[in-house]
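Chemist: Handing you a structure now.
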Amino acid sequence: MIIGETGTGKSTFINTLCDEDVIPPGNTSFNGEAMCIENHSATIFEGGTKINLDIVLTSGFGDSIDNTDSTAKLVDYLETQFELTLKEECRIQRTPHFKDTRVHAALYFIRPTGKGLRPLDIQCLKALSARCNVIPVISKGDLLTEEEKKLNKELILKHINAAGIELYDFSSCFEDIEEELPGFNLGQMVPFSIVSGTERKLIEEIEYKVRKLPHGIVRVDDPAHSDFPILRTCLLGACQQDLKDTTHDIYYERYRTKKLSEASQKREASGLAKTSAKTISAK
């Protein structure tokens, strides 16, 4: 799931990630009046492995004067996918090839303003972090200097920690790398500062994906320019299975336990009410 205001580069990021125009420029169902949720899909070949990627795009998030319903719509979508899975599990005969539509990663796009998080960001991140793996991303990181980027990351993390927002933990997926490279700490890279771009340019006879700027170009896959390469590796490689496992073992299990407990309490209450009614009738 990709969440962020209009203009934060969500569509460009998706197209860069998938290396194709999954969302053609200007092609959106957003009507400019209220947030809408769009579903897209793409097939990616990563290291020779075929990956079927389902993408949930939130168009118009945070763009209205009154955004009180935006977070509620996202929460409702996430819980609806949990409910579909729970209903399938409770069926006597399960549907062959049932499609898992649960959201395994929510990328939250933050504008590079240098002011940290807005109240809406905090409210939404808090609600999302209780239901899925949340990954904060500073979009259009090329608009910040290295010093501004560092300060912006520190301020965002300060707001996240103060609000008690739980982010996805990458550490378990990169233990081997951290052992081999003692100075490497993926946790210090969060929130990721990314640059997306689908244009291509030959540099020293090698073709690169770039983002063109008035004063030059930025290589999307250059770690010195953008955290995009490590984020792509996390989503499509190193952390892919862990994201799914965390969704199922923690977030879905939490939802499942809550719903089954509520159903059990209702049955018990209903049973007590019937027993009470029979007792009164007998008297």
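Chemist: Only one of these is under 23 Å from residue 169 (Cβ atoms) and either among the basic types (Lys, Arg) or not in a strand (DSSP E or B) (or both): 21, 66, 76, 100. Name it.
Modeler: Values: 21 fails: under 23 Å from residue 169 (Cβ atoms); 66 fails: under 23 Å from residue 169 (Cβ atoms); 76 fails: under 23 Å from residue 169 (Cβ atoms).
The conditions single out 100.
Chemist: So which residues in segment 60-80 are farther than 22 Å from residue 111 by Cβ and buried (at least 20 other Cβ atoms within 10 Å of the Cβ), if there are any at all?
Modeler: Within segment 60-80, 78 is the sole residue that qualifies.
Chemist: Moving to a separate point now. What's the total number of residues in segment 127-173 that are part of a helix (DSSP H, G or I) and either of a type outside the set (A, V, I, L, M) or within 20 Å of residue 253 (Cα to Cα) (or both)? Don't jump to the end; show me each part of the working.
Modeler: Initially, segment 127-173 is screened for residues part of a helix (DSSP H, G or I), giving 127-129, 141-143, 146-162, 171-173.
Add one more test, that the residue is either of a type outside the set (A, V, I, L, M) or within 20 Å of residue 253 (Cα to Cα) (or both), and what stays is 127-129, 141-142, 146-150, 152-154, 158-159, 161, 171-173.
Number of matching residues: 19.
Chemist: Same structure again: Here are 58, 16, 12, 28: which of them is at pLDDT below 90, of a type in the set (Val, Ile, Thr) and not in a helix (DSSP H, G or I)?
Modeler: Values: 58 fails: at pLDDT below 90; 16 fails: not in a helix (DSSP H, G or I); 12 fails: not in a helix (DSSP H, G or I).
Only one candidate passes the filter, namely 28.
Chemist: Now for a separate question. From the list 186, 125, 143, exactly one residue is at pLDDT below 90 and under 18 Å from the mean Cα position of the chain (by Cα). Which is it? Explain how you work it out, then say what you get.
Modeler: Details: 125 fails: at pLDDT below 90; 143 fails: under 18 Å from the mean Cα position of the chain (by Cα).
Step by step, each of 186, 125, 143 is checked, and only 186 is at pLDDT below 90 and under 18 Å from the mean Cα position of the chain (by Cα).
Chemist: Restricting to segment 49-59, give me the number of residues that are touching a helix residue (DSSP H, G or I) at 6+ places or on another chain (Cβ under 8 Å) and exposed (fewer than 11 other Cβ atoms within 10 Å of the Cβ).
Modeler: 0
Chemist: Checking residue 106 against (1) out of contact with any Leu (no Cβ under 6 Å at 6 or more places or on another chain); (2) among the small types (Gly, Ala, Ser); (3) modelled with pLDDT of 90 or more, only one condition comes out false. Which one?
Modeler: (1)
Chemist: Output the residues belonging to segment 79-97 that are part of a helix (DSSP H, G or I) and among the aliphatic types (A, V, I, L, M). Even if it seems obvious, please write down each step before you answer.
Modeler: Here is the first cut: in segment 79-97, the residues part of a helix (DSSP H, G or I) are 79-90.
Correct list: 84, 86.
Chemist: For segment 189-203, how many residues are of a type in the set (Lys, Arg) and within 21 Å of the chain's Cα centre (by Cα)? Can you show your working first?
Modeler: Of all residues in segment 189-203, those of a type in the set (Lys, Arg) come to 200-201.
Still in the running and within 21 Å of the chain's Cα centre (by Cα): none.
So the answer is 0.
Chemist: Collect the residues in segment 146-183 that are at pLDDT below 80 and more than 16 Å from residue 231 (Cα to Cα), keeping them in residue-number order.
Modeler: The initial filter retains those residues of segment 146-183 that are at pLDDT below 80, namely 171-183.
175, 176, 178, 179, 180, 181, 182, 183, listed by residue number.
Chemist: As an exercise: evaluate residue 253 against (1) part of a helix (DSSP H, G or I); (2) exposed (fewer than 11 other Cβ atoms within 10 Å of the Cβ) and give the number of the one condition it does not meet.
Modeler: Here residue 253 clears every test but (2).
The values are calculated or read from the model by the stated rules, or taken from the named source; none is laboratory data. Because the structure is predicted, anything quoted here is derived from the model rather than measured. Positions of Cβ are generated from backbone atoms using ideal geometry, with glycine treated the same way; all protein chains shown enter the neighbour counts.
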